Amino acid sequence: MSLIRRLFKWGLITGIVCTLVIAAVTLFYLMPRLPDVNSLRDYHLQTPLRVMSRDGKLISEFGEQRRIPLRIDQVPQHYINALLSAEDENFYHHYGVDPKGLLRAAVRMVQAGGRIQGGGSTITMQVARNYLLTLDQTFIRKFNEILLSFQIEQQLSKQQILEMYFNKMFMGHRAYGIEAASQVYYGRSISELELPQFAMLAGLYKAPSRYNPISNPKRSRERRNWILGRMLKLEYIDEEQYQAAIATPVIARFHSLKPETSASYVAEMVRQELFDTFPIKDVYTGGYRVYTTIDSKLQDAAQLAVQKGLLAYDRRHGYRGVEKSHGVDLSVEEASRLVNRTSILGPLHPAIVIQMNQESAELMLRYGQTATIQFSDMSWIRPRISIDHLGNKPEKISDILSIGDQIRVRRAYSDPNIWYLSQVPDAQGALIALDPKDGAMIALVGGFEYLHNKFNRATQALRQPGSNFKPIIYSAALEQNFTAATLINDAPVVFNDASLEDSWRPENYSGKFFGPTRLRKALYKSRNLVSIRILREIGVKSAIDYASRFGFNPKQLPRNLSLALGSASVPPIDVATAYATFANQGYQVQPYFIERIEDSFGRVLYQAQPTTVCANCDYVRQKDEVDLAQTELPDTAVVRNSAMVALDEALDQENGQINTPVRPITHLPIAPRIMDERVNYIMHTILQDVVKKGTARKAQKLGRSDLAGKTGTTNDQKDAWFSGYVDAMVATTWVGFDQPKTLGRNEFGSTAALPIWLDFMEIALKDVPEFHREQPDRMVTVKIDEQTGDLAPAGDPTALEEIFREERKPVQRAQPKSNSSQTKNLGQSAAPEQVF
């Protein structure tokens with residue numbers, strides 16, 4: 001007994017000493033070195049940059065970690081129950097540590113020779129490990145984890161701990177947090193999932209790779225069913241729910257990020273702008289939201305219009321053949337594997353021919369889907385020999401396709417169950433639409449498909465605008481001493497210049513000459529020789545100075561008379577910006593595409609301040625001012641009056657964290673007037689005549705009387721343009737090859753570019769009422785003689801009405817049936833005029 005007492009005494013003393021030593025080590029060594037739990041109150045999750053449309057639709061996401069943080073009240077209770085059943089059934093009953101779980105972990109540690117083997121961690125302990133500690137499996141780390149768990153439970157509520165947990169954890173395929181995982185595996189928000197999917201996601205925490213439902217469906221199903229069994233045992237579900245859930249097949253598959261609107265070119269512009277202009281260090285991880293000026297409805301309409309237009313152009317110029325031929329011995333399984341590795345390009349799906357008969361071909365599409373195309377739907381198919389020459393129509397489907405051929409198909413626009421043979425267009429196009437009141441880009445398409453070619457033709461391509469540039473030249477003339485009735489001779493002219501290898505003999509497209517022509521008619525008929533004579537009269541330097549007001553770079557404008565025919569190389573965005581001035585009655589605006597930037601807490605860091613048209617006011621009131629009334633704002637947070645203000649006052653330069661929000665905007669800078677309003681009105685009526693009786697008559701199909709615009713075609717039909725507008729919107733479309741070459745002898749602005757503009761505007765203007773301008777003061781409308789431009793003789797039934805600035809109205813009356821005129825009439829010689 002004495003021996004037992006001594007042993008007990010020594011054991012007690014040893015236990016007390018060990019306890020004191022552990023307490024001392026904890027108090028004086030471990031505790032001071034623990035991370036500050038209070039930092040969890042302001043924890044920052046790596047959240048990707050999200051680019052949004054102005055109406056809140058997702059355009060794109062940039063960042064290594066896909067994460068969409070949720071509040072706990074946004075998470076279904078079934079998921080919370082599945083999570084607790086899988087990871088910590090006593091979560092609501094412990095203070096950070098589960099003794100039973102720790103005991104099990106200790107046994108495994110002893111069996112493993114002292115190395116931590118995992119297990120025993122509560123949700124709180126996992127939060128401590130993932131937010132504040134390393135993932136090293138050591139005893140010291142585990143002990144620190146326990147200490148921190150107690151502190152976390154004292155500082156944070158159970159709800160806060162759960163929220164931190166399900167937003168932080170890695171769940172495979174670059175998905176962090178439950179919402180991102182739900183999108184990746186099921187393509188839906190977690191609020192749209194059902195019990196079997198909740199259990200499947202809850203099973204990923206233990207080992208995202210081992211229990212991945214995509215790569216390991218059998219193992220993941222076993223894990224899911226185990227969790228469902230735990231839920232049944234814990235009475236979260238009943239027997240009927242359990243049986244139905246375990247009988248549900250695994251339906252998870254990889255879902256890439258699905259933008260809610262197609263604006264990949266805009267997303268890349270935003271990404272580049274953030275790096276080039278804003279001093280934000282954590283662009284990809286800070287959870288910033290960039291709201292663009294893009295309208296999702298109009299953007300989708302623009303994307304569809306460009307793709308339809310390019311496909312229609314491509315069909316007119318023949319079939320170039322299949323993309324690849326894999327041979328007739330290709331198995332269905334191999335066909336499926338090959339097609340799954342090929343990207344969808346816009347509306348064009350990859351497909352491989354797996355069976356054929358005389359009338360149709362059966363195709364293997366992606367993910368095991370099949371489709372059938374009919375020979376009767378291939379009437380457009382003729383082999384392309386050259387851009388202007390096509391081969392004979394095929395007599396049977398085998399003349400076009402063979403088993404093993406890889407092709408492109410698209411769904412019918414009217415019926416998604418019907419598929420047509422197609423091909424990726426080799427021509428390209430662009431569309432950009434602006435709000436003429438402030439230059440906001442409301443739609444932008446830089447090519448047929450961003451994945452196919454990332455070059456943004458709307459902003460980066462330098463192309464000749466052709467006749468699209470003529471309204472600039474004519475407006476410059478109207479600002480001087482020309483009127484819409486001025487006669488200019490449409491006659492041959494030869495320019496002899498020592499710098500040229502040969503004489504320059506410009507012509508109208510028709511090859512005809514029409515003699516003295518009124519300025520108005522010359523523009524809406526797009527007469528080249530008249531344009532050249534006008535430019536020669538007003539002077540090239542004067543025209544370049546005038547064009548620079550509209551946003552054109554003077555360095556890109558040739559200093560010779562070819563400028564009259566649009567020989568400059570300019571991006572489509574510059575053309576659209578220029579036409580915005582015609583649309584907004586003569587004001588200069590600057591295009592912009594970032595409306596505001598918010599941090600991960602929704603605080604506004606940047607708000608655009610575009611120059612805005614406001615003819616009769618000193619400032620423009622913001623429509624939807626940011627409500628920051630509850631926030632105390634220092635003076636340094638005022639947004640400065642610049643297009644892209646640096647955020648150095650709003651960003652902490654040391655760690656890139658936001659420290660002050662931005663003041664709400666109460667006024668915007670006023671757009672300066674760059675055109676005489678009366679000249680603008682005259683030009684507007686001429687551009688309306690282009691639609692009514694000129695080269696853009698096809699636009700009348702929209703059934704509106706307020707449309708105005710101008711076609712453009714360059715030499716050899718290398719570029720096709722249309723720029724047009726109503727009061728509320730201006731849009732420019734361009735079609736051409738990236739390496740300039742002819743589009744074909746019958747392709748013009750009116751055939752290649754205008755149909756794209758019409759398809760876009762048909763949707764864009766659906767709910768936009770017509771608007772007709774009032775004629776400005778100090779203008780008069782008089783009847784003139786069509787042949788001379790002078791006042792028409794009294795009672796002349798052929799007289800035309802024309803608009804003049806009051807001081808420029810004609811005073812001379814034409815003689816009945818006389819062709820004489822003292823109105824400006826340039827170069828009326830019958831023989832070619834020689835210019836040296």
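Hey, can you tell me all the residues within region 299-331 that are closer than 30 Å to F62 by Cβ, in contact with a strand residue (DSSP E or B) (Cβ under 8 Å, 6 or more places away or on another chain) and crowded, with 23+ Cβ neighbours inside 10 Å?
Passing the criteria: Q299, A302, Q303, A305, V306, G309, L310.
Please state which one of L390, L431, L451 is out of contact with any Leu (no Cβ under 9 Å at 6 or more places or on another chain), touching a residue at least 12 places away in the same chain (Cβ under 8 Å) and either open to solvent by 20 Å² or more (accessible area, probe 1.4 Å) or under 26 Å from D719 (Cα atoms) (or both).
Only one candidate qualifies: L390.
For (1) open to solvent by less than 40 Å² (accessible area, probe 1.4 Å); (2) touching a Gly at 6+ places or on another chain (Cβ under 7 Å); (3) among the basic types (K, R); (4) modelled with pLDDT under 90, each residue gets a yes or a no:
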position	(1), (2), (3), (4)
G795	no, no, no, yes
L800	no, no, no, no
E806	no, no, no, no
Q815	no, no, no, yes
S821	yes, yes, no, yes
Q834	no, no, no, yes
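Assigned to a helix (DSSP H, G or I) and buried (at least 24 other Cβ atoms within 10 Å of the Cβ): does that describe I442?
Judged against the criteria, I442 is not a match.
Of the numbered conditions (1) out of contact with any strand residue (DSSP E or B) (no Cβ under 6 Å at 6 or more places or on another chain); (2) part of a helix (DSSP H, G or I); (3) farther than 30 Å from F448 by Cβ, E268 satisfies every one except a single condition; which is it?
(3)
I'd like the full set of residues that are within 19 Å of Q307 (Cα to Cα) and of a type in the set (D, E), limited to region 324-354.
Answer for region 324-354, where residues must be within 19 Å of Q307 (Cα to Cα) and of a type in the set (D, E): there is none.
Would you mention how many residues in region 409-427 are open to solvent by less than 10 Å² (accessible area, probe 1.4 Å), closer than 27 Å to Y725 by Cα and not hydrophobic (A, V, I, L, M, F, W, C)?
0
Within 28 Å of P672 (Cβ to Cβ) and either surrounded by 21 or more Cβ atoms within 10 Å (Cβ to Cβ) or out of contact with any Pro (no Cβ under 7 Å at 6 or more places or on another chain) (or both): which single residue out of A491, A568, A485, A522 fits that description?
That would be A568, the only listed residue that is within 28 Å of P672 (Cβ to Cβ) and either surrounded by 21 or more Cβ atoms within 10 Å (Cβ to Cβ) or out of contact with any Pro (no Cβ under 7 Å at 6 or more places or on another chain) (or both).
Can you confirm whether A351 is among the hydrophobic types (A, V, I, L, M, F, W, C) and surrounded by fewer than 20 Cβ atoms within 10 Å (Cβ to Cβ)?
Here the answer is no, as A351 does not meet what is asked.
Among the residues of region 723-782, how many are aromatic (F, W, Y) and open to solvent by 30 Å² or more (accessible area, probe 1.4 Å)?
Total meeting the criteria: 2.
Just the residues that are hydroxyl-bearing (S, T, Y) and either under 23 Å from E179 (Cα atoms) or part of a loop (DSSP other than H, G, I, E, B) (or both), please, taken from region 236-261.
Result: Y236, T248, S256, T261.
Farther than 16 Å from Q151 by Cα, at pLDDT below 60, outside any helix (DSSP H, G or I) and open to solvent by 40 Å² or more (accessible area, probe 1.4 Å), is that true of G118?
So G118 fails the test.
For region 727-748, which positions are touching a helix residue (DSSP H, G or I) at 6+ places or on another chain (Cβ under 7 Å) and either under 23 Å from T685 (Cα atoms) or not charged (D, E, K, R) (or both)?
Narrowing region 727-748 to residues touching a helix residue (DSSP H, G or I) at 6+ places or on another chain (Cβ under 7 Å): 727, 729-735, 742-745, 747-748.
D727, M729, V730, A731, T732, T733, W734, V735, T742, L743, G744, F748, listed by residue number.
Out of the residues in region 40-77 that are part of a helix (DSSP H, G or I) and open to solvent by 60 Å² or more (accessible area, probe 1.4 Å), which is nearest to T285 (Cα to Cα)?
Applying the filter and picking the extreme gives D42.
Tell me the residue from V494, V530 that is part of a strand (DSSP E or B) and more than 23 Å from the chain's Cα centre (by Cα), please.
Only one candidate qualifies: V494.
Would you check if I538 is β-branched (V, I, T) and touching a strand residue (DSSP E or B) at 6+ places or on another chain (Cβ under 8 Å)? It would help to see each step written out before you state the result.
Details: β-branched (V, I, T): yes; touching a strand residue (DSSP E or B) at 6+ places or on another chain (Cβ under 8 Å): no.
No: the conditions fail for I538.
Among the residues of region 246-261, is any at pLDDT 95 or above, open to solvent by less than 50 Å² (accessible area, probe 1.4 Å), farther than 30 Å from A301 by Cα and not hydroxyl-bearing (S, T, Y)?
Scanning region 246-261 turns up at least one residue that is at pLDDT 95 or above, open to solvent by less than 50 Å² (accessible area, probe 1.4 Å), farther than 30 Å from A301 by Cα and not hydroxyl-bearing (S, T, Y).
Being over 30 Å from A440 (Cβ atoms), β-branched (V, I, T), open to solvent by 10 Å² or more (accessible area, probe 1.4 Å) and touching a residue at least 40 places away in the same chain (Cβ under 8 Å): is that true of I538 here?
yes
Mind listing just one residue for me: the one in region 213-233 that is out of contact with any helix residue (DSSP H, G or I) (no Cβ under 6 Å at 6 or more places or on another chain) and not charged (D, E, K, R) and, of those, surrounded by the most Cβ atoms within 10 Å (Cβ to Cβ)?
Across region 213-233, the extreme among qualifying residues is S220.
Residue under question is I403, and the condition is that it be more than 16 Å from Q307 (Cβ to Cβ), open to solvent by 40 Å² or more (accessible area, probe 1.4 Å) and among the aliphatic types (A, V, I, L, M); does it hold?
When the stated conditions are applied, I403 passes them.
Checking the conditions here, which among Y176, Y185, Y92, Y131 is in contact with a Lys or Arg (Cβ under 8 Å, 6 or more places away or on another chain), at pLDDT below 90 and of a type in the set (F, W, Y)?
Result of the check over Y176, Y185, Y92, Y131: Y131.
Can you name the residue in region 547-563 that is open to solvent by 10 Å² or more (accessible area, probe 1.4 Å) and not in a loop (DSSP other than H, G, I, E, B) and is also farthest from R505 (Cα to Cα) among such residues?
Taking the candidates together, the pick is R549.
Only residues that are of a type in the set (A, V, I, L, M, F, W, C), outside any strand (DSSP E or B) and modelled with pLDDT of 95 or more: list them for region 578-607, please.
Matches in region 578-607: A578, A580, F582, A583, V589, F593.
The values are calculated or read from the model by the stated rules, or taken from the named source; none is laboratory data. Quantities reported herein were computed from a predicted structural model and do not represent experimental measurements. All Cβ positions, even for glycine, are placed from backbone atoms using ideal geometry, and neighbour counts span all protein chains on display. Note: accessible area is taken over every heavy atom of the protein model, side chains too, but ligands, DNA and RNA are not part of it. Shrake-Rupley method; radii C 1.70, N 1.55, O 1.52, S 1.80 Å.
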